[in-house]
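J.: First the structure, then my questions, so here it is.
The values are calculated or read from the model by the stated rules, or taken from the named source; none is laboratory data. Just so you know, these numbers come straight off a predicted model, no measurement behind them. Using ideal geometry, Cβ is built from the backbone for each residue, glycine included, and neighbour counts are taken over all protein chains shown. Each accessible area value is taken on the protein alone, full model and side chains, heavy atoms only, with ligands, DNA and RNA left out. Shrake-Rupley method; radii C 1.70, N 1.55, O 1.52, S 1.80 Å.
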Amino acid sequence: MPTFQSLGLEENFLRAISDLGFEAPSEVQEKTIPLLLEKETDLVSLAQTGTGKTAAFGFPMLQKITAESRTTQGLILSPTRELCLQITNELKAYGKYVDGLNIVAIYGGASITDQAKKIKKGAQIIVATPGRMKDMIGRRMIDISKIEYCVLDEADEMLNMGFYEDITEILSHSPEDKSTWLFSATMPKEVATIARKFMHTPVEISIGTKNVGAENVSHEYYLVNARDRYKALKRLADANPEIFSVVFCRTKRDTQKVAEQLIEDGYNAGAIHGDLSQNQRDMVMKSFRTRQIQMLVATDVAARGIDVDDITHVINYQLPDEIETYTHRSGRTGRAGKSGVSMVIVSKSEHRKIKTIEKIIQKKFVQKEIPSGMEICEHQLFHLATKIKDTEVNHEIDMYLDGINEILTDFSKEELIKKVFSVEFSRFYNYYKNAKDLNVTAGDTSTGSDAPGVRFFINLGARDDFNWMTLKDFLRDLMQLGKDDLYKVDVMDSFSFFNVEEKHKELVLDVFNSFKLNGRRITVEISKDGRRKGGSRSGGKGRKDGHKKGRKSDDRPKFKGKSRRKPQRPNDRGTGGKRRRR
Ligand code: ADP
Ligand code: MG
């Protein structure tokens, strides 16, 4: 087994390593540290998340710079503020025995003047997000003309976020002869291009699939109808009472919506995405770390900074657009030697993507069934039994025991057990007693075209600035319908179609009996022939816009109408609160 002592690190770093409790170097550390210490070279290192890349570049950089000098000698670029802070903290811990070391984090959303002041004191190492870094170079607040080492961390992610131009601009202010070390979990062409353009015959290291984390992760998928996604998510949560998970959605909007719905349904949930202020994000993360939040619904970008070790489940509520991103997602679990499960809820149209992912991760998925209502009830009951068995008696209750015993005096142990368990059971039973099977088989041909319910025509369309999502929200809000009560929304230019369950038919007709929008009469009609049932989603751009590559991917176009977002106050929700189910 390799040791840190054999890598060529100085005594003070070995001391820091032992303080940190690291016992042996990880593979990427073992391969990278001696190499970078020994020679000045460019490097491309491919390794998954959680493999210890920060130390792999951090120690060599710290050992090679001159702490006595105040000149900026090292620059680390990373995609998000969270990662930036995480790296800064790690590096500070690695260099805790180095006198005079000053490492400064540079990122957006915080005071630029404060950051400039810190730089002015002399920072040997700067850890930065590309956007803010470029700004500060432009304003001559930072001088990187003398750096010797430049790290591009999570290069694939930075390029995904559209930072290519910023990176190019930043590097043009740095010396030609510096060493560039690039780290990435995946190697899309964009990363190869960067490597070609900015590096001189880099040494390439690949840690392959030997991600210590990922080895402990099992991959499961659940095939459901797209409109049952949310119900499926709830069942997965209910079947795993101790779940501590990150739920990934594709857009900020969906992230917010799913989290709100979960909270409404009584789960300890929270959202994290780019529309929240830094303050809100910090609060959500704090609640997650302290387990007040059990289900953290996140966008890919926002989740990059999640460095929580005990996540039991990663749930892919929707698959990412960039299939490579799946690796990042599943890497959130199975860390620090624990095992984890990565679950994917897929609709039939996405089914084939599972195969593509299998190729990338070089692991097989297991297809699983969404548990039935009764299975969940059973699960919850046994969970309760175990919980009762393991509960330590709180003696604060002693003084009430006489009174309680008096009330329950006529019951035997058997009867008491039945009653206690009925309390819990009824809660789930009432919710699940009529629950249907959510599983579909890959061969099912039931696409939306024979979707159940009543199909309506409405004289609103793309011309009125609606797309299928905004129209769906508009109609649901207007009629106060639940999440799954309105579906199959197809937007044409001047009119649209949508379905509701039979039982809501009268409601729809009622609401539109005399409805006006901006002075115009809006009418609905039951669509008789259903010829247009499978119509194309001409206004459906809203769904895709956010997934284009580009920096703006997290600044999704704002939807018209009122914002449905309400601020999360996860701290108001104690873990002790009873979970309420609809
Ligand atoms: P990556 O950048 O590859 O995703 P990190 O550098 O963030 O991974 O490391 C992941 C976690 O593992 C961090 O909490 C870090 O402190 C820890 N770690 C890094 N190297 C070791 C090691 N050799 N032994 C134990 N823990 C380590
Ligand atoms: Mg990292």
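J.: Would you kindly identify the strands (runs of 3 or more DSSP E) lying entirely within the range 462-529 that contain at least 1 residues that are open to solvent by 50 Å² or more (accessible area, probe 1.4 Å)? Before you say what the answer is, go through the steps one by one.
T.: Values: elements: 486-491, 496-500, 515-517, 520-522, 524-526.
Qualifying strands (runs of 3 or more DSSP E): 515-517, 520-522, 524-526.
J.: How many of the residues making up the range 106-122 are surrounded by 12 or more Cβ atoms within 10 Å (Cβ to Cβ) and assigned to a helix (DSSP H, G or I)?
T.: 7
J.: If I ask for residues that are under 22 Å from residue 266 (Cα atoms) and either basic (Lys, Arg) or open to solvent by 100 Å² or more (accessible area, probe 1.4 Å) (or both), which ones from the range 377-433 would you list?
T.: Listed by number, the residues that qualify are 378, 382, 387, 427, 433.
J.: Please work out if residue 20 is open to solvent by 30 Å² or more (accessible area, probe 1.4 Å), over 30 Å from the mean Cα position of the chain (by Cα) and of a type in the set (A, V, I, L, M, F, W, C).
T.: Working: open to solvent by 30 Å² or more (accessible area, probe 1.4 Å): yes; over 30 Å from the mean Cα position of the chain (by Cα): no; of a type in the set (A, V, I, L, M, F, W, C): yes.
Spelling it out, it is not the case that residue 20 is open to solvent by 30 Å² or more (accessible area, probe 1.4 Å), over 30 Å from the mean Cα position of the chain (by Cα) and of a type in the set (A, V, I, L, M, F, W, C).
J.: Sort through 73, 86 and tell me the only one that's near ligand 1 (Cβ under 9 Å from one of its atoms) and touching a residue at least 40 places away in the same chain (Cβ under 8 Å). Talk me through it step by step, then tell me what you get.
T.: Working: 73 fails: near ligand 1 (Cβ under 9 Å from one of its atoms).
Result of the check over 73, 86: 86.
So that you can scan it fast, the table gives a plain yes or no per residue for (1) open to solvent by 20 Å² or more (accessible area, probe 1.4 Å); (2) in a helix (DSSP H, G or I); (3) modelled with pLDDT under 90:
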residue: 284; (1), (2), (3): no, yes, no
residue: 288; (1), (2), (3): no, yes, no
residue: 291; (1), (2), (3): yes, no, no
residue: 307; (1), (2), (3): yes, no, yes
residue: 315; (1), (2), (3): no, no, no
residue: 319; (1), (2), (3): no, no, no
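J.: Hey, among 110, 128, 93, which residue is modelled with pLDDT under 95 and of a type in the set (A, V, I, L, M)?
T.: On the way: 128 fails: modelled with pLDDT under 95; 93 fails: modelled with pLDDT under 95.
110 is the lone residue from the list that is modelled with pLDDT under 95 and of a type in the set (A, V, I, L, M).
J.: So in the range 75-99, with the set limited to residues that are in contact with a strand residue (DSSP E or B) (Cβ under 6 Å, 6 or more places away or on another chain) and within 13 Å of ligand 2 (Cβ to nearest atom), which one is most open to solvent (accessible area, probe 1.4 Å)?
T.: Restricting to residues being in contact with a strand residue (DSSP E or B) (Cβ under 6 Å, 6 or more places away or on another chain) and within 13 Å of ligand 2 (Cβ to nearest atom), the top hit is 85.
J.: Here's another thing I want to ask about it. Anything in the range 3-34 that is away from ligand 1 (no atom under 13 Å from the Cβ) and under 16 Å from residue 65 (Cα atoms)? List them, or say none.
T.: Matches in the range 3-34: 8, 10, 11, 12, 34.
J.: Next question, about the same structure. Could you give every pair whose Cβ atoms fall below 8 Å, whose first residue belongs to the range 45-62 and is without any contact (Cβ under 8 Å) to a residue 12 or more places away in the chain, and whose second residue is within 6 Å of ligand 1 (Cβ to nearest atom), counting only separations of at least 6 or pairs across chains?
T.: Here the result reads none, with nothing in the range 45-62 linked to a residue that is within 6 Å of ligand 1 (Cβ to nearest atom).
J.: For the range 36-74: of the residues being surrounded by fewer than 18 Cβ atoms within 10 Å (Cβ to Cβ) and small (Gly, Ala, Ser), which is farthest from residue 174 (Cα to Cα)?
T.: In this case the residue turns out to be 67.
J.: Would you mind listing the strands (runs of 3 or more DSSP E) fully within the range 131-235 where at least 3 residues are within 16 Å of ligand 1 (Cβ to nearest atom)?
T.: Qualifying strands (runs of 3 or more DSSP E): 179-184.
J.: Looking at 93, 67, 47, 56, which one is near ligand 1 (Cβ under 10 Å from one of its atoms) and farther than 15 Å from residue 184 by Cβ? Break it down stepwise before answering.
T.: Values: 67 fails: near ligand 1 (Cβ under 10 Å from one of its atoms); 47 fails: farther than 15 Å from residue 184 by Cβ; 56 fails: farther than 15 Å from residue 184 by Cβ.
Just a single option satisfies the conditions, and that option is 93.
J.: Any idea how many residues of the range 156-211 are small (Gly, Ala, Ser), under 21 Å from residue 300 (Cα atoms) and open to solvent by 10 Å² or more (accessible area, probe 1.4 Å)? Quick ask: steps written out before the conclusion?
T.: We begin by selecting, within the range 156-211, every residue small (Gly, Ala, Ser); these are 162, 172, 174, 179, 184-185, 192, 195, 206, 208.
Among the residues that remain, those that are also under 21 Å from residue 300 (Cα atoms) are: 162, 184-185.
Filter once more, keeping what is open to solvent by 10 Å² or more (accessible area, probe 1.4 Å): 162, 185.
So the count comes out to 2.
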